[in-house]
Structures are given as C-alpha cells and as structure tokens.
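A.B. asks: Got a structure for you, questions after.
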Amino acid sequence: MSCFTPHCARRAVALKPRLRFLRRWQSTATPEAAGHLPSVATSKLLRPTRDEALRTPGIRWADEDNSGPVRTIVGGRETRKMNTYQSIRDALSLALMKDDTAVIFGEDVAFGGVFRCTMGLAEEFGRERVFNTPLSEQGIVGFGIGIAAMGHTPIVEIQFADYIYPAFDQIVNEAAKFRYRSGGQYNVGGLTIRCPTMSVGHGGLYHSQSPEGFFMGAPGLKVVIPRSPIQAKGLLLASIRDPNPVIFMEPKILYRSAVEQVPIDDFELPVGRADTLVRGSDLTLLTWGTPLYHCETALHMLASPPPGLDKHVPESLRNAKIELIDLRTILPWDVEAVVESVIRTGRLVIVHEAGLTAGVGAEIAATVQKKCFLKLEAPVRRITGWDTPVPLQYEKFYIPDALRIMDAIVETLKY
C-alpha cells in the first residue's frame with residue numbers, strides 16, 4: 001500500500017542523498033588486500049622452485065667432497081615444500097640420525113615444542129634422546145654444557161629467546177670461556193642453543209624480544225639468525241657441527257609464513273658469512289631475520305611509492321640501486337662483506353628489531369665508520385625498535401616497518 005502523507009514525502013526527500021552516496025560507494029572498486037607490495041608469502045627472497053633451491057649460494061652437500069670449488073650440478077637431488085619449522089625439524093632429524101651422541105632437550109620438546117619444531121622426534125629416536133626438562137633455563141644450558149664437555153652433541157631448546165636471561169651466566173661465563181680457561185684441553189663446541197626470537201605482532205614484553213645484542217661481547221660464542229626454510233636447515237646443521245657453542249635464534253613469525261622448496265639431503269650453509277640478496281651501488285641496506293621482508297617492501301615502496309607517499313619520494317631517487325644484505329651470523333659478523341659493500345655504495349642503513357642503544361647496529365656502525373670513513377657519503381643510519389620494553393599494545397609501531405625503512409633510505413640518499 002502506498003503512502004502519500006507529508007511525513008512519508010519528507011522521508012523520501014531525506015533518503016535521496018543517502019541513496020546517491022550508497023550508489024557511489026558500491027561503484028568504487030575494492031583494492032586488493034595486500035595492494036601492490038610484497039609480503040612474506042610472495043617474497044622474491046624465497047626460493048619456491050627446485051632449481052632455485054638446489055642452487056642456493058654457498059650450499060655444501062654432506063655427501064660430497066667439499067674441499068674443491070662449489071659445484072653447480074644439481075641432478076639427482078630432490079626438494080620438498082616446507083615452512084621454516086618443518087625445515088628445522090628436518091635438520092634436527094638428520095642430526096640425530098647421523099650423530100649417535102646427539103640429544104635434544106628443553107621444555108616440552110618431547111611433545112613437539114610450542115612451535116612444533118621437534119614434533120615426532122621422541123617417537124622416532126626414543127625418549128632417552130629427545131626429552132623434556134624442568135622449567136629452568138639455567139639448568140637446561142648447564143646440563144648441555146656438561147654433556148658437551150663429555151664429547152656429546154646437545155641441542156638445547158630455550159622455549160622463547162625472552163627466557164634466555166636466567167641462563168646468561170651459564171652461556172657467557174661457562175660455555176663461551178670453556179676452551180680458553182682449560183688452555184684448549186676441553187671444549188663445549190658440541191653445544192647448540194635454539195630459541196625462537198623477534199616479534200609476532202602481539203607477543204609483548206615477554207614473547208617478542210630480540211636479545212642477540214646481549215651476546216656481542218662474549219668471545220667464544222657464535223650467534224646465528226636465519227631468514228627462511230633453506231637458510232634455517234643449512235645454518236642449523238652447520239651450527240650443530242661447528243666446533244664452538246652456537247646460539248641459533250629462529251624468527252618465530254617465519255615458522256609458518258616463510259615457505260620454500262627445501263633440499264631433502266643433508267647440506268650446510270656457511271656460518272660467519274653474510275649473504276648479498278640484491279646487488280646495488282647507491283646504498284647498502286643491512287639486516288637479518290624478519291626485517292629482511294620489511295626491507296624488501298621498503299625497496300618496492302621506494303621504486304613505486306603508493307598513493308599518498310609519492311610526494312615524499314623524489315623522482316630522482318626512485319631508480320636508486322640499493323644493495324640488500326642478510327647478515328645471517330651476528331657473532332662473529334662478516335666485517336669483510338659489509339665493509340666491501342659500503343666502500344662501493346658510500347652509504348649504510350642498518351635495520352634490526354632490538355632497541356637502538358647498544359644494539360648490534362651500534363657495533364656495526366662503529367666498525368664501518370672506522371674502516372670506511374673517507375668513503376662515506378652520509379652518516380650511518382640505524383632503524384630499530386625503540387628503547388622501551390616491547391609494548392603489549394601497538395607492537396606494530398615498535399618494530400621497524402617498511403615505511404620507517406623507506407624514510408631512512410630517502411634521507412640517507414638525499415644527504
């Protein structure tokens with residue numbers, strides 16, 4: 001039934017502007033969720049094909065004589081699609097299979113661990129080789145030092161890198177100094193300490209820390225942080241077999257988000273060597289772990305700024321050739337590779353999730369300033385977390401995101 005009352009007529013007039021607005025809104029195309037910027041899932045830093053995986057730079061196969069030059073022949077080898085935690089599990093399985101003295105222990109590892117990296121290993125190799133421990137990080141590492149001193153290969157898990165501090169005395173005062181204080185008679189080189197690190201977006205002050213910088217002043221240790229499944233497997237196997245104790249920090253947000261074709265054979269990647277991912281001549285961008293993917297996004301934003309940012313990026317800088325380096329080993333870091341790059345580019349931007357003060361970037365900046373002083377075209381920039389605890393709210397604004405990185409690149413190029 002129609003309504004012709006004055007009240008209905010007023011309502012119809014009032015609705016006309018709203019209907020026009022709705023029609024306009026409905027006609028607007030919805031932008032893609034991720035826009036035109038890369039994410040971890042679409043990153044060009046990952047190796048999604050068999051051929052790319054088998055040609056990973058620096059790869060050394062355990063079943064080949066590696067005394068000669070690296071071969072590029074890849075016939076007869078297979079890969080499998082894995083995310084990072086699966087590749088770590090694969091590396092741990094190989095370590096247990098090939099070394100009868102290898103054992104894995106930590107909180108909940110017999111159940112698979114919080115991030116499932118040890119899932120099924122207790123059933124496969126027995127609970128005398130893969131077992132749970134009490135909630136005592138100092139005790140876990142201390143036990144690892146003891147059995148490493150007996151010539152065994154302990155692979156210790158600290159459930160989160162945030163919990164490593166109770167074990168600090170055991171790591172820095174015992175493990176790092178064991179060979180030195182015994183005059184080389186004894187060592188605990190078989191010890192590897194695994195721990196999930198870096199932010200997840202909501203971990204806060206006890207689950208999103210990046211404590212790698214605290215170990216920079218501990219000679220005798222090595223600290224390694226991989227960026228992807230292939231890197232995680234190769235670097236972990238190399239760390240387990242390294243003749244020094246190694247802290248192997250795994251970026252936890254990459255456990256499931258980073259996926260590659262990973263060689264199923266036993267292989268290693270070199271500890272102590274940086275990996276140049278993108279060649280450039282105008283600026284060196286140095287980072288490790290999760291921030292590599294933010295740096296990749298920043299480079300895309302620099303070359304093709306999204307609407308609203310284009311006015312902040314001069315046309316003359318959009319074709320800048322940026323060299324992107326993954327440091328991989330934090331201690332000892334690859335001074336030679338970084339210095340060689342900065343001498344060529346004249347500029348350095350360092351990115352890490354840990355806070356600014358006394359972070360790893362501070363040590364790198366000091367060394368580069370000393371060795372490249374006359375070649376520098378701009379001050380070394382550090383883009384880091386803030387000097388606060390990782391916040392319980394707005395963690396995204398704590399970590400160095402693509403926008404902050406791009407802004408630092410632009411400022412450094414303009415200097």
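A.B. asks: Can Phe168 be described as closer than 24 Å to Leu235 by Cβ, hydrophobic (A, V, I, L, M, F, W, C) and touching a residue at least 40 places away in the same chain (Cβ under 8 Å)?
C.D. replies: Against the criterion (closer than 24 Å to Leu235 by Cβ, hydrophobic (A, V, I, L, M, F, W, C) and touching a residue at least 40 places away in the same chain (Cβ under 8 Å)), Phe168 qualifies.
A.B. asks: Mind listing whichever residues of the range 175-191 are touching a residue at least 24 places away in the same chain (Cβ under 8 Å), in a helix (DSSP H, G or I) and open to solvent by 50 Å² or more (accessible area, probe 1.4 Å)?
C.D. replies: Residues satisfying the conditions are Arg179, Tyr180.
A.B. asks: Would you say Ser199 is assigned by the TED database to the domain that holds Met249 and buried (at least 20 other Cβ atoms within 10 Å of the Cβ)?
C.D. replies: yes
A.B. asks: When you check Phe131 against the structure, is it modelled with pLDDT of 95 or more and surrounded by 15 or more Cβ atoms within 10 Å (Cβ to Cβ), yes or no?
C.D. replies: Here the answer is no, as Phe131 does not meet what is asked.
A.B. asks: Checking the conditions here, which among Gly220, Gly203 is at pLDDT below 95, within 23 Å of the chain's Cα centre (by Cα) and of a type outside the set (Phe, Trp, Tyr)?
C.D. replies: Selected residue: Gly203, the only one of Gly220, Gly203 that is at pLDDT below 95, within 23 Å of the chain's Cα centre (by Cα) and of a type outside the set (Phe, Trp, Tyr).
A.B. asks: Can you tell me which residue among Thr412, Thr388, Thr384, Thr367 is in a loop (DSSP other than H, G, I, E, B) and either of a type outside the set (D, E, K, R) or open to solvent by 70 Å² or more (accessible area, probe 1.4 Å) (or both)?
C.D. replies: On the way: Thr412 fails: in a loop (DSSP other than H, G, I, E, B); Thr384 fails: in a loop (DSSP other than H, G, I, E, B); Thr367 fails: in a loop (DSSP other than H, G, I, E, B).
The unique qualifying residue is Thr388.
A.B. asks: Mind listing whichever residues of the range 239-262 are among the aliphatic types (A, V, I, L, M), open to solvent by less than 10 Å² (accessible area, probe 1.4 Å) and not in a loop (DSSP other than H, G, I, E, B)? Step through it out loud before you land on a result.
C.D. replies: First, the residues of the range 239-262 that are among the aliphatic types (A, V, I, L, M): 240, 246-247, 249, 253-254, 258-259, 262.
In the following step, the residues that additionally are open to solvent by less than 10 Å² (accessible area, probe 1.4 Å) were identified as 246-247, 249, 254, 258, 262.
Result: Val246, Ile247, Met249, Leu254, Val262.
A.B. asks: Turning to a different aspect of this structure: Do you know which residues across the range 263-302 are aliphatic (A, V, I, L, M) and surrounded by fewer than 17 Cβ atoms within 10 Å (Cβ to Cβ)?
C.D. replies: At the first step, the residues of the range 263-302 found to be aliphatic (A, V, I, L, M) are 264, 269, 271, 274, 277-278, 283, 285-286, 292, 298-299, 301-302.
Listed by number, the residues that qualify are Ile264, Val278.
A.B. asks: Among the residues that make up the range 93-103, is at least one of them at positive phi and either at pLDDT below 95 or in the same structural domain as Phe168 (by the TED database) (or both)? Talk me through it step by step, then tell me what you get.
C.D. replies: Let us first name the residues in the range 93-103 that are at positive phi, namely none.
The answer is no, given that none of the residues of the range 93-103 is at positive phi and either at pLDDT below 95 or in the same structural domain as Phe168 (by the TED database) (or both).
A.B. asks: Oh, and also: If the requirement is being in contact with a strand residue (DSSP E or B) (Cβ under 6 Å, 6 or more places away or on another chain) and either under 18 Å from Val360 (Cα atoms) or at pLDDT 95 or above (or both), which of these qualifies: Leu254, Leu317, Leu302, Leu283?
C.D. replies: Just one listed residue meets the conditions, Leu283.
A.B. asks: On to the next question. Have a look at Leu356, Leu317, Leu374 and point out the one that is under 29 Å from Ser208 (Cβ atoms) and either of a type in the set (A, V, I, L, M, F, W, C) or open to solvent by 10 Å² or more (accessible area, probe 1.4 Å) (or both).
C.D. replies: Unique residue meeting the criteria: Leu356.
A.B. asks: Separate question: Test Gly76 against the stated conditions and say whether it is over 26 Å from Glu260 (Cβ atoms), assigned by the TED database to the domain that holds Ala258, small (Gly, Ala, Ser) and over 26 Å from the mean Cα position of the chain (by Cα). Step through it out loud before you land on a result.
C.D. replies: Working: over 26 Å from Glu260 (Cβ atoms): no; assigned by the TED database to the domain that holds Ala258: yes; small (Gly, Ala, Ser): yes; over 26 Å from the mean Cα position of the chain (by Cα): yes.
Taking the combined requirement at face value, the residue does not satisfy it.
A.B. asks: Looking at the structure I just gave you, is Glu323 assigned to a strand (DSSP E or B) and either outside the structural domain of Pro243 (by the TED database) or within 22 Å of the chain's Cα centre (by Cα) (or both)?
C.D. replies: Spelling it out, Glu323 is indeed assigned to a strand (DSSP E or B) and either outside the structural domain of Pro243 (by the TED database) or within 22 Å of the chain's Cα centre (by Cα) (or both).
A.B. asks: Can you go through Ala358, Ala337, Ala354 and tell me which one is modelled with pLDDT of 95 or more, of a type in the set (Gly, Ala, Ser) and closer than 10 Å to Thr384 by Cα?
C.D. replies: Exactly one residue qualifies, and that residue is Ala354.
A.B. asks: Another question, then. Quick check on the range 140-174: of everything there that is closer than 22 Å to Leu92 by Cβ and of a type in the set (Phe, Trp, Tyr), which residue is surrounded by the fewest Cβ atoms within 10 Å (Cβ to Cβ)?
C.D. replies: My answer is Phe143.
The values are calculated or read from the model by the stated rules, or taken from the named source; none is laboratory data. As the structure is a computational prediction, the values presented were derived from the model and not from experiment. Here the Cβ is made from the backbone with ideal geometry for all residues, glycine too, and neighbour counts use every protein chain on show. Ligands, DNA and RNA are excluded from the accessible area calculation, which covers all protein heavy atoms including side chains. Shrake-Rupley method; radii C 1.70, N 1.55, O 1.52, S 1.80 Å.
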